[in-house]
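This report concerns only the one structure given below.
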Amino acid sequence: MSINEKLMVRVTGVDRSFARSLTFGLTTCDPSAFEDDAPWLPNDHRALLNRPEVWVFKEDVDKDCGVDDDLVFVIREGYVQFSRNNRGFRTILLVGESQRFYAFFDVSGRVTKLTFV
């Protein structure tokens, strides 16, 4: 993600039996570097913190996410901001502006499916 670039996803699947919604994160690890080695990715995103690249994430981004909600993420001056359904943005993470970041999601909570918009 570049500075001021917006990433929008739509929630297309939920399972309300889970307490947490979803996790959004950023990494300096270029996904093309492990394209053929995807099986090394852990089941628990917290294990990514042990890797040499930068991995930051916000768990339970929005407890009220539901089907057809549009979620927008943007990096502005090092502040990673989030908005649901065109409501006001709120800061969920802080990152350095000098590095290139790649977004990732963990949909192992209430949100079970996302579609890029």
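Quick note: the coordinates plus some simple rules give every number you see, no bench work behind them. Computed from a prediction, not measured in an experiment: that's the story for all the values here. Note that we place each Cβ from the backbone using ideal geometry, even for glycine, and neighbour counts take in every protein chain shown.
Judged by the gyration tensor of its Cα atoms, with axes a ≥ b ≥ c, the stretch 6-116 is oblate; a/c meets the 1.5 cut and b/c is at least as large as a/b. So, counting K/R as plus one and D/E as minus one, what does the shell of residues with Cβ under 9 Å around residue 106 add up to? Around residue 106, the charge tally is -2.
Of the residues 2, 98, 74, the one whose Cα sits farthest towards the positive end of the charge dipole of the chain is 74 (charges of +1 on Lys and Arg Cβ, -1 on Asp and Glu Cβ, taken about the Cα centre). The simple spin-label model puts a point 7 Å past each Cα toward its Cβ; for residue 60 and residue 94 those points are separated by 2.2 nm. Dipole size of the chain about its Cα centre, with +1 on Lys/Arg Cβ and -1 on Asp/Glu Cβ: approximately 460 debye, rounded to the nearest 20.
If contacts are Cα pairs under 8 angstrom and at least 6 residues apart, what is the relative contact order of the chain in percent? With pairs under 8 Å counted, the relative contact order is 47 percent. Each label point was placed 7 Å from the Cα along the Cα-to-Cβ direction; for residue 112 and residue 16 their separation is 1.4 nm. Among 111, 54, 117, the order by Cβ neighbours within 10 angstrom, fewest to most, reads 117, 54, 111. The distance between label points at residue 68 and residue 103 comes to 2.2 nm (points 7 Å beyond Cα on the Cα→Cβ vector).
Computed from the Cβ-Cβ distance with R0 of 30 Å, the FRET efficiency linking residue 8 to residue 46 stands at 0.70. What the phi angles of the stretch 14-24 give under the Karplus curve with 6.51, -1.76 and 1.60, with θ = phi - 60°, is a coupling list of 9, 9, 5, 6, 8, 7, 8, 8, 7, 10, 10 Hz, glycine and proline written as x.
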